[in-house]
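The values are calculated or read from the model by the stated rules, or taken from the named source; none is laboratory data. Predicted model only: the values in this text are computed from it and were never measured. Virtual Cβ from ideal backbone geometry, glycine too; neighbours counted across all protein chains shown. All accessible areas refer to the heavy atoms of the entire protein, side chains included, with ligands and DNA or RNA removed. Shrake-Rupley method; radii C 1.70, N 1.55, O 1.52, S 1.80 Å.
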Amino acid sequence: MTELVPPASGGAAKLVTQGLEMRFGLLVALEPTDITVAVGEFLTLLGPSGSGKSTLLQLVCGLLEPAGGTVLIDGKDQTGVPVYQRDIGLVFQHYALFPHLTVGENVAFPLKMRGIAGAEAKAKVKAALEMVHLGHLGHRFPRELSGGQQQRVALARCFVYEPSIILMDEPLGALDKKLRDEMQIEIKRLHRETGATIIYVTHDQEEALAMSDRICVMNHAKVEQIGTPHEIYSRPRTEFAANFIGLSNIFRGERSDGRLVTPHGAFTVPADAPGTGAAIVVRPEQLTLGEACENRVCGTVREVVYAGSETRIITRLDAGGAAGGEGADEFILRLLPGSPIPTLGERISASWNPDIATMVP
Ligand code: ADP
Ligand code: MG
């Protein structure tokens, strides 16, 4: 079983929410939520659209007033503290730059709001623009920049006044894939260089895995699981988490004498499985072609997907008992380059070592 890794700095809590909740009329947008974010940590809220990620961010910064609960920053209750007096920076998907101000003036704006002007402001703006590699474009207007450059200006405008917490709501959502990958690295660098505590929202699991110290998986207005990317990938605690992060084979059944009886076979459960789990989660790379391991499934190859560094084999499981209930009717396994590749329509079996799988309720 994986050790529980403490938050990045292992140090003091920067931000704590206690029973923080939100409703819009009858709709529950956030169930009472307790999270703790350490100083300097990069925490990502990951979940599908409508799961309450933006609501949680807006409650943290004070754009929304909670139906209940509290937000503590550095141990101090923020109830009633307006957005601009919280030590928080915001970056959204839509950069919201002022079109009539130059890049430099946009970045200087939050300083002006805080009474910082003259040489000090100038130096800070210069440093912030250099930090995002836009030192040479301070005189341009936002419309004269590409989408990626505009988003960099938005980052500079946020980092320039050195807030100790930065909230980012899908900041790269409007960029194409290549630019997004580049900006992910930029944001990670800015995080390292500034030591800011960042809460980042995305619905993109790869982005979450790549960027975060910890991921907070959200679904239906609540937190499903919080953990390091490795913990969440290797030990998902719910079927939702297993499906949302990475690919999973999920076999559901009934427990009987240390086995899980499913329509596709009776499998030995992991030794560390809780007493009640009702489904086994096996990642595609945990399956071995052939019958080398104890638990095995058989089927007919339906699709062979070449992906460069790996090949995914999608196999239709042999029909299980008709009364077998719902669950997978196919499985995916991942082969590394050099492995013999089965052909379409071939009958194959795959197996896994019981102890590398995970059980979920
Ligand atoms: P996410 O950011 O994860 O996509 P949100 O936090 O924006 O989700 O929304 C959570 C839920 O609250 C959704 O069902 C959404 O429709 C609802 N919601 C969000 N903002 C409002 C609002 N201002 N009025 C009514 N319902 C809202
Ligand atoms: Mg949102």
Check your understanding: Which of the residues that make up segment 174-202 are in contact with a strand residue (DSSP E or B) (Cβ under 7 Å, 6 or more places away or on another chain) and either within 16 Å of ligand 2 (Cβ to nearest atom) or at pLDDT below 95 (or both)?
Key -> I199, Y200, V201, T202
Check your understanding: Any idea which of E239, E224 is open to solvent by 40 Å² or more (accessible area, probe 1.4 Å), within 15 Å of ligand 1 (Cβ to nearest atom) and farther than 22 Å from L155 by Cβ?
Key -> E224
Revision key, fill the gap. How many residues of segment 226-259 are over 28 Å from the mean Cα position of the chain (by Cα) and touching a residue at least 40 places away in the same chain (Cβ under 8 Å)? The answer is 1
Practice item. Have a look at L59, L90 and point out the one that is within 16 Å of ligand 1 (Cβ to nearest atom) and modelled with pLDDT under 95. Key: L90
Check your understanding: Looking only at segment 227-272, which residues are out of contact with any Leu (no Cβ under 8 Å at 6 or more places or on another chain), of a type in the set (A, V, I, L, M, F, W, C) and in a strand (DSSP E or B)?
Key -> I250, L260, V261
Review point. Would it be correct to say that A174 is closer than 30 Å to V28 by Cβ, open to solvent by 50 Å² or more (accessible area, probe 1.4 Å) and within 16 Å of ligand 1 (Cβ to nearest atom)?
Key: yes
Practice item. List every residue pair whose Cβ atoms sit under 6 Å apart, with the two residues 6 or more apart in sequence or on different chains, where the first one lies in segment 39-56 and is within 6 Å of ligand 1 (Cβ to nearest atom) and the second, anywhere, is at pLDDT 95 or above and assigned to a helix (DSSP H, G or I). Key: G47/K53
Review point. Has segment 67-77 got at least one residue that is open to solvent by 60 Å² or more (accessible area, probe 1.4 Å), assigned by TED's automatic domain parsing to the domain that holds L175, in a strand (DSSP E or B) and not basic (K, R)?
Key: yes
Revision key, fill the gap. Taking segment 275-301 and the residues there that are touching a residue at least 40 places away in the same chain (Cβ under 8 Å), in a loop (DSSP other than H, G, I, E, B) and not charged (D, E, K, R), the one that is surrounded by the most Cβ atoms within 10 Å (Cβ to Cβ) would be L287
Check your understanding: Do we have any residue at all in segment 100-108 that's open to solvent by 60 Å² or more (accessible area, probe 1.4 Å), assigned to a loop (DSSP other than H, G, I, E, B) and either at pLDDT 95 or above or not assigned by TED's automatic domain parsing to the domain that holds Q205 (or both)?
Key -> yes
Review point. Does segment 6-13 include one or more residues that are buried (at least 16 other Cβ atoms within 10 Å of the Cβ), away from ligand 1 (no atom under 14 Å from the Cβ) and at pLDDT 95 or above?
Key: yes
